[in-house]
Amino acid sequence: MKEKISILDLFLTFAKIGVMTFGGGYAMLPIIERELIDKRKWISRQDLMDYFALSQVTPGVIAVNTASLLGYQKRKTFGALAATLGVITPSIIIITLIALFLKQYMDAELTARLFAAIRICVAALIVNALIPFFKKGIVNLFTFIIFLCCLVIYFFFKISPAVLIVLSALAAIIHNLLLERRPR
Amino acid sequence: MILHLILYWEFFKIGLFAAGGGLATLPFLYQLSFKTGWFTTAQIADMIAVSEITPGPLGINMATFSGFNTAGISGGLSATLGIITPSLIIMVIIAGIMHKFTGNKYVKAAFTGLRAAVCALITIAVWEILKIALFNFPLYTKTSDISDLPLVKNIIFFILLVLLLRKIKVHPAVFIFFSAVLGLFVKF
């Protein structure tokens, strides 16, 4: 814990984690376990669970949040910056190359056919990924009502998702206050 | 230059408000697509596919890709830097004061509401992608014939995939790869 980890080391380690992560932030967890706990022994498993939980409920991409938190633990603000830039660098390079490539071939009949099939698969993957979200997010009648209200408000009024998030957080705080007022 | 600043700002907002990982950025991307026309909803679906099968966190890949579609290589960079800035600032602040708030009941309550809202937002995102993957809304609007709406072959394939995904635990990229191969032989 006390040994000094260089900024470059942080950057490279998180770049490696970025390369090995496929998909959402959840996919990052086993990779971080292997790289930071087992191989480098930078953090404990308990630390990782705490950081990861915090990263999920704070705004932003989970992977970036986790990288910032972990980087900060090692080298404060510059550590957070190095770890975050590390985790995004492979994405920027790889996606830019692919986008350049796709732009040239996107109109081809073949690409269109491939993506029509892939799109269905992506829809199935996301539907499948929804289940753990629901298990964590909709835990009682109150959260279910918030869920329904958000859906209805969005479809009828096309309100910005950001506004929905702020309103839901406020509603939950007010709900909590009301519960406290009620004599038991 | 102005476009890059707008891109940075739009993705800064996504980074600020999308809680819960790459999927949570989807509703914001759809909104951006409706508002600005920088990319189409079909392009978003393709970007998800590419982001899933390439290395890197989903949210970051999506940001780079959307930025690229809007303003080329430097656009990808602007969008990506935009989406990470709020995270960096917020996490550095939180890391500094973390121990003080972990037990606060109002913070806990706020998160309960926030998580429920995230579920709703992702449901909306799923609906947007189902709309293009499984239904032919453009044709239906033209003909007003309800039998033109569902793409039966696509719906069957979709249901099969959902069932398979629950049974077989392999990397999502494997499913995407085999779907693409199937796309070579079957026209969806």
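The values are calculated or read from the model by the stated rules, or taken from the named source; none is laboratory data. The structure presented is a predicted model; accordingly, all values stated were derived computationally and were not measured. Because the Cβ atoms are built from the backbone with ideal geometry, glycine has one as well, and the counts that use them run over all protein chains shown.
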>> Between B:GLY67, B:GLY82, B:GLY75, which is touching an Asp or Glu at 6+ places or on another chain (Cβ under 9 Å), under 29 Å from A:PHE78 (Cα atoms) and touching a residue at least 24 places away in the same chain (Cβ under 8 Å)?
In response: B:GLY82
>> Among the listed residues B:ALA109, B:ALA117, identify the single one that is buried (at least 24 other Cβ atoms within 10 Å of the Cβ) and either at the interface with chain A (Cβ under 7 Å from one of its Cβ atoms) or part of a helix (DSSP H, G or I) (or both).
In response: B:ALA117
> Is it the case that the stretch A:50-62 has a residue that's closer than 30 Å to B:PHE178 by Cα and part of a helix (DSSP H, G or I)?
Replying inline: yes
>> Looking only at the stretch B:33-50, how many residues end up being assigned to a loop (DSSP other than H, G, I, E, B) and small (Gly, Ala, Ser)?
In response: 1
> Could you list, in sequence order, the residues of the stretch A:86-97 that are within 9 Å of another protein chain (Cβ to nearest Cβ) and buried (at least 23 other Cβ atoms within 10 Å of the Cβ)?
Replying inline: A:VAL87, A:ILE88, A:PRO90, A:SER91, A:ILE92, A:ILE95
>> I need every pair where a residue in the stretch B:49-64 that is more than 7 Å from chain A (Cβ to nearest Cβ) has its Cβ under 8 Å from the Cβ of a residue that is aromatic (Phe, Trp, Tyr) and buried (at least 24 other Cβ atoms within 10 Å of the Cβ), sequence separation at least 6 or different chains.
In response: B:SER51/B:PHE65; B:ALA63/B:PHE11
> Can you spot a residue in the stretch A:111-133 that is at pLDDT 90 or above, surrounded by fewer than 16 Cβ atoms within 10 Å (Cβ to Cβ) and within 24 Å of the chain's Cα centre (by Cα)?
Replying inline: no
>> Residue under question is A:ALA63, and the condition is that it be closer than 26 Å to A:ARG45 by Cβ and either within 17 Å of the chain's Cα centre (by Cα) or among the aliphatic types (A, V, I, L, M) (or both); does it hold?
In response: yes
> If a residue has to be touching a strand residue (DSSP E or B) at 6+ places or on another chain (Cβ under 7 Å) and part of a loop (DSSP other than H, G, I, E, B) to count, how many in the stretch B:136-162 make the cut?
Replying inline: 2
>> Here is a list: A:LYS41, A:LYS16. Which entry is more than 28 Å from B:LEU77 (Cβ to Cβ) and either in contact (Cβ under 8 Å) with a residue 60 or more places away in the chain or surrounded by fewer than 20 Cβ atoms within 10 Å (Cβ to Cβ) (or both)?
In response: A:LYS41
>> Every residue in the stretch B:2-32 that is assigned to a helix (DSSP H, G or I) and under 10 Å from the mean Cα position of the chain (by Cα), please.
In response: B:GLY22, B:LEU23, B:ALA24, B:THR25, B:LEU26, B:PRO27, B:PHE28, B:LEU29, B:TYR30
> In the stretch A:59-78, which residue that is of a type in the set (A, V, I, L, M, F, W, C) and more than 7 Å from every other protein chain (Cβ to nearest Cβ) is surrounded by the most Cβ atoms within 10 Å (Cβ to Cβ)?
Replying inline: A:ALA67
